[in-house]
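Below is one structure, written out as structure tokens, with a few remarks after it.
The values are calculated or read from the model by the stated rules, or taken from the named source; none is laboratory data. Remember, predicted model here, so these are calculated numbers, not experimental data. Virtual Cβ from ideal backbone geometry, glycine too; neighbours counted across all protein chains shown. Surface accessibility is based on the protein's heavy atoms, side chains included, excluding ligands, DNA and RNA. Shrake-Rupley method; radii C 1.70, N 1.55, O 1.52, S 1.80 Å.
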Amino acid sequence: MFELHAQLQADCFVVGDFTLSQVLLLNDSQYPWFVLVPRRADMREVFQLSDDDRAQFHRESDCLAGLLSTAFSADKMNVAALGNMVPQLHVHHIARYRTDAAWPAPVWGKVPAVPYEAKALEQMLVKVRTLLNGQQGFVESSK
């Protein structure tokens, strides 16, 4: 049975669900930073997904990256699956800018996270849920 890793629960807000994957917003307001997690138990690597799930996961990831890139006018999209700290399969989708605090380095450990303030969080969730509405079976979370 799928259960979201405790660290992802602590660090993220649930945006909603695609057909296969849960979409999360990482609690760092410095970047539009989202995490895609296939709702499959005991997955660590993309290659462990079934052929059908892997194809669906790539469709969802590509959809998310493309929509975020356009909606946030990103200079570059960083899409990465590391899993060194959180073993559960998850892929980061981060809109990057030449002016952001970590550019051009990776965001991990570069500068401390700046949590969302309540109003900014609500605005971000509304924006992204509206953006994803109707895409890849997306259903917004009520959490």
* Asked: Given q = 0.17 Å⁻¹, what are the Debye log10 I(q)/I(0) values for the stretch 71-143, with equal point scatterers placed on the Cα positions and solvent ignored?
  -> -0.93
* Asked: Excluding ligands, DNA and RNA, what is the solvent-accessible area per residue of the chain at a probe of 1.4 Å, expressed in Å²?
  -> 54
* Structure fact -> With a Förster distance of 30 angstrom and the Cβ-Cβ distance between L82 and T19, calculated FRET efficiency to the nearest 0.05 equals 0.80
* Structure fact -> When the chain is treated as a Gaussian network with springs between alpha carbons less than 10 Å apart, the largest mean-square fluctuation among A95, A120, A65 is found at A120
* **Cα Rg, Dmax (largest Cα-Cα span) when computed across the stretch 58-105, Å** => 11.8, 31
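Ignoring ligands, DNA and RNA, what percent of the 1.4 Å accessible area of the chain is carbon and sulfur?
On the chain, the fraction of accessible area on carbon and sulfur atoms equals 51 percent.
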* When the Kirkwood hydrodynamic radius is evaluated over all pairs of different C-alpha atoms of the chain, what value in angstrom, to one decimal, is obtained? -> 15.4
* Structure fact -> For Q48 and D62, extending 7 Å from Cα along the Cα-Cβ vector and measuring point to point gives, in nm, a value of 2.5
* Asked: Going from most exposed to least, what order do T99, T70 have by accessible area with a 1.4 Å probe?
  -> T99, T70
* Structure fact -> Heavy-atom accessible area with a 1.4 angstrom probe orders S29, S73, most exposed first, as S73, S29
* Structure fact -> Packing-ranked peptide list from 103-110, 56-63, 130-137, highest mean Cβ count within 10 angstrom first, is 56-63, 130-137, 103-110
* What list of ³J(HN,Hα) values in whole Hz, one per residue of the stretch 62-72 in order, does the Karplus curve 6.51 cos²θ - 1.76 cosθ + 1.60 (θ = phi - 60°) give from phi, with Gly and Pro shown as x? -> 4, 4, 4, 4, x, 5, 5, 4, 6, 5, 9
* Potential lengthening between Q135 and W103 on full extension [0.36 nm per residue; Cα-Cα distance subtracted] -> 8.5 nm
* Structure fact -> With Cα springs under 10 Å, the Gaussian network model of the chain assigns the largest mean-square fluctuation among V114, V14, V91 to V114
* **In degrees, nearest ten, helix 118-132 long axis to first principal axis of the chain (Cα)** => 50
